[in-house]
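Written below as structure tokens is the structure these notes are about.
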Amino acid sequence: MPESHLTKELQPLMAQLDLKRDNDKQAEAPVQKAQPKCLQRAKARFLKGVSYFSGDMAVFAKWMEKQFFLLQLLDWVLRGAAQVMFVNNPLSGLIIFAGLILQNYWWALNGFVGTLFATISALILRQNRGAIAAGLYGYNGILVGLLMAVFSNAGNWYWWLLLPNIFMSMMCPVVSSALASINSRWDLPVFTLPFNILVCLHMVATGHYNHHFPQVLIQPRTEFPNITWEEIDLAKLFMSVPVGIGQVYGCDNPWTGGIFIVSLFISSPITCAHAVLGSTIGMLSGLALAAPFGAIYFGLWGYNCVLACIAIGGMFYALTWQVHLLAITCGFFCAYLGSAIANIMSAFGLPACTWPFCLSALTFLLITTETNKIFKLPLAKVNYPEKNLCFYWKMKKQEKQEKLEEERKKKEEQQKASEEEMILNEKEELRLNLSAMEEGNITQILTAPEAESEQRDTGGERITEDPTDETNANCV
Amino acid sequence: MPESHLTKELQPLMAQLDLKRDNDKQAEAPVQKAQPKCLQRAKARFLKGVSYFSGDMAVFAKWMEKQFFLLQLLDWVLRGAAQVMFVNNPLSGLIIFAGLILQNYWWALNGFVGTLFATISALILRQNRGAIAAGLYGYNGILVGLLMAVFSNAGNWYWWLLLPNIFMSMMCPVVSSALASINSRWDLPVFTLPFNILVCLHMVATGHYNHHFPQVLIQPRTEFPNITWEEIDLAKLFMSVPVGIGQVYGCDNPWTGGIFIVSLFISSPITCAHAVLGSTIGMLSGLALAAPFGAIYFGLWGYNCVLACIAIGGMFYALTWQVHLLAITCGFFCAYLGSAIANIMSAFGLPACTWPFCLSALTFLLITTETNKIFKLPLAKVNYPEKNLCFYWKMKKQEKQEKLEEERKKKEEQQKASEEEMILNEKEELRLNLSAMEEGNITQILTAPEAESEQRDTGGERITEDPTDETNANCV
Amino acid sequence: MPESHLTKELQPLMAQLDLKRDNDKQAEAPVQKAQPKCLQRAKARFLKGVSYFSGDMAVFAKWMEKQFFLLQLLDWVLRGAAQVMFVNNPLSGLIIFAGLILQNYWWALNGFVGTLFATISALILRQNRGAIAAGLYGYNGILVGLLMAVFSNAGNWYWWLLLPNIFMSMMCPVVSSALASINSRWDLPVFTLPFNILVCLHMVATGHYNHHFPQVLIQPRTEFPNITWEEIDLAKLFMSVPVGIGQVYGCDNPWTGGIFIVSLFISSPITCAHAVLGSTIGMLSGLALAAPFGAIYFGLWGYNCVLACIAIGGMFYALTWQVHLLAITCGFFCAYLGSAIANIMSAFGLPACTWPFCLSALTFLLITTETNKIFKLPLAKVNYPEKNLCFYWKMKKQEKQEKLEEERKKKEEQQKASEEEMILNEKEELRLNLSAMEEGNITQILTAPEAESEQRDTGGERITEDPTDETNANCV
């Protein structure tokens, strides 16, 4: 799809963005209506400006293709950082890195190293260049790097950690490619499964009692948690929403979570809304299932639901009201699953990672239904939610048109058929009259009517043929 | 398939049923033979009566289609309750609910709620109406409802339990649909996998130490069980067979198990026989693997084997002697697997559920072999064992007929070929005679025999051609 | 493929074998060159001799087909024993059994019983005869038999153990067949997955605290291992390489490992080299991940890497430098995975078996890449590495030839096209001259040039047509 076409497509979508942002401008609305031309032009210019850095920044990506390789690589790494949230946008990636630095320098460094080496490994393994450029080989790398640093018990700036970090990051494209071979049979994405597999692999291979790479100690619960509803802290509960979004990258700083929300909003408001919704659902589920308040405040109930809600709510399904409800259901299911997986994994000293999100989202993407309101996009057509909606609407329009076209054709055919019938009937009558006339004059064609009754369909031709035959005969 | 045809098909099968039931009538057999006409009519009438409530009660299902919606829903719920044992029969479902009520009111209520909401959820999700009407979306629901009540540590009539019960029941069609997307690639059913997944999910998500929904405490074995063969109680061992069948629904009351056996017998005697066989196999396996007697008496070694034996023995394979042996092998394998899975799951405080059945039956359904005595029915053609057999026999007959037809055709072709050869030979002879005669008269065709030896196949045509050529030449 | 063709193919490969073996003969090399004819003949004879017992011994297999059934069965059992290492060679199998006897009589007996009954079970289940004859149904059996004896806590010569041994061995083809149904969708082998599943099943079903079949006690690590780098024993570390190869069959005797190396070398030197390489990689990984020295000396870090290196390095991929590097990467990944799986399995009292090998090799076989240097052989074409290489080279040659052919054809077509154009041009000129001449003489064809300009392509025909038309007209 040419870029110029793409930016045009973006503009109607950005109108929505415009409305949300410029709420304060609404007061001037009546005045604006008075000067429509000038304003429309300004709005168009503004939307065009927005389209340059929102969505998937396709114009920028095209411009990047002609740049220096290291600059390209940086673009891919930034896109990889944002792809954790399904966002294909280098600006969002940059803001996310800012959030990570705010949280912890060492973690941010590990995340960067992970993304970098995952992308390089994908290049070495000759994976699809388009997928690499979209950051699809980097997002597992950043999570592997980050979470290996987060769960390391050796403290910050333990430089040896970079060795397994680089090895595991470089294994990401291998595992991604292998899982894609399996999941593609059902047209499913691999999500963060490679990250889950590789981080769990590293943690359980070394464990808490390892001299080189010790992990933090995680143990299963063996007594009732101390929960008294009077002790609940509403401020912390409210804060748990951005913290839950931050926990996607293993960050517990609410400001970092807030920065992530901004980075999502830049690329796709729908994604952003579902992220906040998901985190809220996770928090509510935690309360419903009597989770210790500490875990809820820490965002552990939120991050999987955030990802699940984004994935179902507009990313892999076209967003309709039915799909929105499905996304909410998936969020609750994911929270339930999150608690279950966390309890199981703790038996091996492992965190839940994003297994709950992967499993619940895959389950909800595998559903088949007889309604056409729940439309799963073909994996090759998945983009950001707004563009997916465009694709869906276009498809629906086309379908409608095709239906109308078909109906029109049917009607035409019916008309034609009736007309043809009429013509045939007329011809028949004419022919009968003719033959009656001929019968009266000549007696040599007495056998003709019988032949004609057998050849009714080609009867029209016979009328013209007969005379010529006769003339020929006469000529000879 | 029209209903009238169906009931006709059932009659030869029901003869078997007839024989088993009316053993006491056998004494009158000689008398019966004396009055064959009257008796045949009575028998036919009896069989027709039986066909109305045995098998899948297809006549009733057809009648139901025109009834009030709530009545239909009740039919689907009852069929769902029986589908746990692969029985598509509302009467069996009703009897099973009677058995459950005999066991425990609260459990029965939870089971009913589970089936109801699973069916409703399937309707909301717009799943296939035929599958819903056959109860295929309800059987996971009843198990989820029942087992959540059975394993709850909060005691009976803890009304809050209905909340997760309803949520999990409503997730059943989601998980069923997702699993079906995967399993359908190998033409496999989903069995009770959704139930296994959802109940384990609920139990491990909450666990024993939960304020809202505590589960019973299950722990792995860490010492030798106290087994002395003198202490074995043969009566209890014998009772473990019906108890094992009852444990399919989590019931330990032998009377409930007995009622379940009756409900199976109504629908399909083959299913019933394999259920009893399976439970016996499980009990024997328990003894062989030195299980604590308590677990065997409690039916924990039986229920998986019951289901596995039913599934393999006639339900998804057409019942032959080879398949019967396969079902027995599957039973033993399932018992082994049951012990293994119970030990693994206990590490997480979980029961084995019906994982062993699902995994062993799926394994045995995935086998490929070069013998045609083990015939796996296409999933769309699976019905109850007796009807499956009918399908298999019909198919075999057709194959035989086709073979005979082919052989007949081959023979005919051979005959034709030999006849043609004879005709050709005759023609050849005639031609030779002709040419000999011509040789005597004319000398200008001296080179012809050489050309003929090269063109033997088209020799017949040459005979007619040559003279015309000559005549043409003569004409010129 | 006819045998004579096969043995011819083997000879160039065996040259390599020859060079390696007969290093001491190199001194005579200059003399050899002086008498080339005589030596070549001797060499050819030697290679032919080698080809009889190296590779897959196809000549022997063909000869076997006409022998007594029990002798055939023995051949299949021996091939099954060697197939654990992907070697389809009865001589290697015999040597491996010798190694097992050297290790432990009882284990060897159990291994033999396992292979035998697995093969018999495959015959009963009517599995593919070719696969049975290649030992593909036996190798899981030998591992099941051996490892059940190795991990039994009942001591040697506990004859009851043969019962579960026979049952589990006979289940091997069932599980193999079922897994093959799944894996074949991705053209993947089942590796030793049936063995892993069945041995784990037996061990966890009985466990350490079982009266009939107690297992050795395996527990997870709960404290730091005592590792001081001064204590490292280099001799033992060096010995761990053959011990690692021996551990594929559960043997810790370095001599047994050495015998296994010989048996590999007989069939395929590439396999042998990768086995040693794999064991070394495993040992290094153990040191890197701070494993207790005892486990490394015992070969527990080696055996999975041995199998993974063999599988990737030439067996299922055609051996190129890129694939060789991939095999090394897979080895390291496998070691990591081995540690992880061992830690997880120990929570259930289970050993790691060969799960790490299976999972890592399957992952690396599922990779898709855009380079043609990493060529995965179709499963039906997999043989031993040397023959795989032959297949790969042949295919490449064919591709090259096809390319050349295509290019040649293209060139020819271009030549033809240009020639045709030339002819057309010449004709056109001729025609123009002709028409000019005709114009001068006759005036009746004045309209022709216009028609010609429209029909340039068929102009050549017109030239010949026109005169004939004219002549005809003239004739008439």
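The values are calculated or read from the model by the stated rules, or taken from the named source; none is laboratory data. What you see is a predicted model, and the numbers here were worked out from it, not measured in a lab. Counting neighbours? That spans all protein chains shown, and the Cβs are built from the backbone with ideal geometry, glycine included. Ligands, DNA and RNA are excluded from the accessible area calculation, which covers all protein heavy atoms including side chains. Shrake-Rupley method; radii C 1.70, N 1.55, O 1.52, S 1.80 Å.
Among residues belonging to region C:365-394 that are within 14 Å of chain A (Cβ to nearest Cβ) and aliphatic (A, V, I, L, M), point out the one that is nearest to the chain's Cα centre (by Cα).
Ranking the candidates gives C:Leu365 first.
Of all residues in region C:244-278, count the ones that are open to solvent by less than 10 Å² (accessible area, probe 1.4 Å) and β-branched (Val, Ile, Thr).
4
Within region B:194-202, is there a residue that is within 7 Å of another protein chain (Cβ to nearest Cβ), on the phi < 0 side of the Ramachandran plot and in contact with a helix residue (DSSP H, G or I) (Cβ under 8 Å, 6 or more places away or on another chain)?
Scanning region B:194-202, I find at least one residue that is within 7 Å of another protein chain (Cβ to nearest Cβ), on the phi < 0 side of the Ramachandran plot and in contact with a helix residue (DSSP H, G or I) (Cβ under 8 Å, 6 or more places away or on another chain), so the answer is yes.
One line per residue, one yes/no per condition, for (1) at pLDDT 65 or above; (2) within 60 Å of the chain's Cα centre (by Cα); (3) not charged (D, E, K, R):
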residue: B:Glu405; (1), (2), (3): yes, yes, no
residue: B:Glu419; (1), (2), (3): yes, yes, no
residue: B:Leu434; (1), (2), (3): yes, no, yes
residue: B:Leu446; (1), (2), (3): no, no, yes
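For region B:295-367, give me every one of the helices (runs of 4 or more DSSP H) that falls completely inside it and has 3 or more residues that are more than 28 Å from B:Lys236 (Cβ to Cβ).
Correct list: B:321-346, B:355-366.
Can you go through A:Thr206, A:Thr222 and tell me which one is modelled with pLDDT under 95, open to solvent by less than 10 Å² (accessible area, probe 1.4 Å), facing another protein chain (nearest Cβ under 9 Å) and over 21 Å from the mean Cα position of the chain (by Cα)?
A:Thr206
Anything in region C:225-237 that is in contact with a helix residue (DSSP H, G or I) (Cβ under 8 Å, 6 or more places away or on another chain) and either closer than 19 Å to C:Asn343 by Cα or within 11 Å of chain B (Cβ to nearest Cβ) (or both)? List them, or say none.
C:Ile227
Let me confirm something: among A:Leu389, A:Leu379, A:Leu365, which residue is under 26 Å from B:Ser181 (Cα atoms), in contact with a helix residue (DSSP H, G or I) (Cβ under 8 Å, 6 or more places away or on another chain) and open to solvent by 30 Å² or more (accessible area, probe 1.4 Å)?
Result: A:Leu379 is the single residue among A:Leu389, A:Leu379, A:Leu365 that is under 26 Å from B:Ser181 (Cα atoms), in contact with a helix residue (DSSP H, G or I) (Cβ under 8 Å, 6 or more places away or on another chain) and open to solvent by 30 Å² or more (accessible area, probe 1.4 Å).
Give B:Pro173, B:Pro189, B:Pro164 a once-over and let me know the one that is farther than 19 Å from B:Gln215 by Cβ, surrounded by 21 or more Cβ atoms within 10 Å (Cβ to Cβ) and at the interface with chain A (Cβ under 9 Å from one of its Cβ atoms).
Being farther than 19 Å from B:Gln215 by Cβ, surrounded by 21 or more Cβ atoms within 10 Å (Cβ to Cβ) and at the interface with chain A (Cβ under 9 Å from one of its Cβ atoms) holds for just one of B:Pro173, B:Pro189, B:Pro164, which is B:Pro173.
Out of curiosity, is B:Ser285 within 14 Å of chain C (Cβ to nearest Cβ), among the hydroxyl-bearing types (Ser, Thr, Tyr) and buried (at least 16 other Cβ atoms within 10 Å of the Cβ)?
yes
Counting only residues that are closer than 25 Å to A:Leu125 by Cα and within 8 Å of another protein chain (Cβ to nearest Cβ), how many does region C:341-364 have?
The total comes to 3.
Quick one: how many residues across region C:198-217 are more than 14 Å from B:Arg221 (Cα to Cα) and assigned to a loop (DSSP other than H, G, I, E, B)?
Within region C:198-217, residues that are more than 14 Å from B:Arg221 (Cα to Cα) and assigned to a loop (DSSP other than H, G, I, E, B) number 3.
Just to be sure I understand the filter: pairs with C-beta atoms under 6 Å, separated by 6 or more residues or on different chains, first member in region C:211-234 and touching a residue at least 24 places away in the same chain (Cβ under 8 Å) and more than 20 Å from A:His212 (Cα to Cα), second member in a loop (DSSP other than H, G, I, E, B) and open to solvent by 50 Å² or more (accessible area, probe 1.4 Å). Which pairs pass?
C:Pro214/C:Asn153; C:Gln215/C:Asn153; C:Val216/C:Asn153
Go through region C:197-210 and report how many residues are without any contact (Cβ under 8 Å) to a residue 12 or more places away in the chain and of a type in the set (A, V, I, L, M).
1
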